[in-house]
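Down below is the structure, laid out as structure tokens.
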Amino acid sequence: MATPSKAARNNRSAANGAALLTGRDNRWLKEFRVALRGGLPTESGFVGVEGVRLVEEALRSGCRIQAVLFSESGERHHERLSSFIDRPEMAFPVLRTTDRLFEGLADTEHPQGVAALVHPRETAFDDFLRAPLSACAPLLVVLAGVQDPGNVGTILRTAAAFGATGAATAASGISGTANPFSPKALRASAGAALHLPILAGVSLSILLAQLKVAGVRTLASSVHEPRDGEQPLLAPWEVDWCQPVALLVGNEGAGLPEEVERSADARIRIPMASGIESLNAAAAAAVVFYEAARQRNATLAPGIQTSATRQSAQMSDATRLPK
């Protein structure tokens, strides 16, 4: 005879139309374990997202979903996601397992009890270059040798927030760039990596050649002082961000290789107070992309003044001497 707790679980499972997965060696649970705890794509190329917010972003993204998994306690999130997973056209299984088994496959310390297997969108170079009608030109970011998945995800999130239209990841010298679709990078990007067109794992030399042919200006974020005869480093506000531009972001410690910097159309650096050598790669990208967004938004809406601009004009009027 079933105990009350087992009967309750069986009733919930039956009500939701799926049996409870209780075997550690279940095929679905193995897939989720590889994608989440292992941080690797499944054999079919699906990656794992965990947590109600990331699963919701995956469902919104239009990417192909292989399955959604709830734990017993994670069922409380079903209502929030029901508008997506209960649609007839969403032809993927909704699975359920125990809290204990879910904790064994989750990548987070305190799992929320909901995860999904999602296939990142496939991006071709033409997709990478394409800018929406709302943008004045392509605004791209190329991560070359950014090794920390948290930095990769944060840079992608920042870039998307300030209007970037595409991203690429590439190795730089002996330093590879962390997978933008790993669980940690996806969490740091808050799902932005599932919405932004991303060329992952491309050859940096080939990509730079393609950008040059396509007429995209490359800007290298630099940590090196210019040599005699080289052009001076530009501040972010000395760059025209309303033309097709690709920002190159290098390794957290070493930056970009000097040959990559020299091959770029220009090199930029954020001016800082004395005694501060550099910013974290993600923080620096945020500063640069904010300036890009400021210029691009001003171009799209030239009649709109910022409050700072209006305040400056008012102060100027107030202090002007009478004739």
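Laid out as a table, the results:
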read-out: T22 accessible area, 1.4 Å probe, all protein chains in place, Å² to nearest 10; value: 100 Å²
read-out: Per-residue SASA entry for M90, accessible area with 1.4 Å probe, Å² rounded to 10; value: 50 Å²
read-out: Solvent-accessible ranking of L247, L279, L21, largest area first, probe 1.4 Å; value: L279, L21, L247
read-out: Per-residue SASA entry for V152, accessible area with 1.4 Å probe, Å² rounded to 10; value: 0 Å²
read-out: Exposure rank, largest accessible area first [E72, E261; 1.4 Å]; value: E72, E261
read-out: Cut-off 11 Å between beta-carbons: net charge of the residues surrounding V94, Lys and Arg +1, Asp and Glu -1; value: -1
read-out: Gained length - S175 relative to Y290, 0.36 nm times residue gap less alpha-carbon distance; value: 38.7 nm
read-out: I174, I270, ranked by accessible area, largest first (probe 1.4 Å); value: I174, I270
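The values are calculated or read from the model by the stated rules, or taken from the named source; none is laboratory data. Computed from a prediction, not measured in an experiment: that's the story for all the values here. Cβ sites come from the backbone with ideal geometry, for glycine too, and all protein chains shown count toward neighbours. These accessible areas exclude ligands, DNA and RNA; they are computed on the full protein's heavy atoms, side chains included. Shrake-Rupley method; radii C 1.70, N 1.55, O 1.52, S 1.80 Å.
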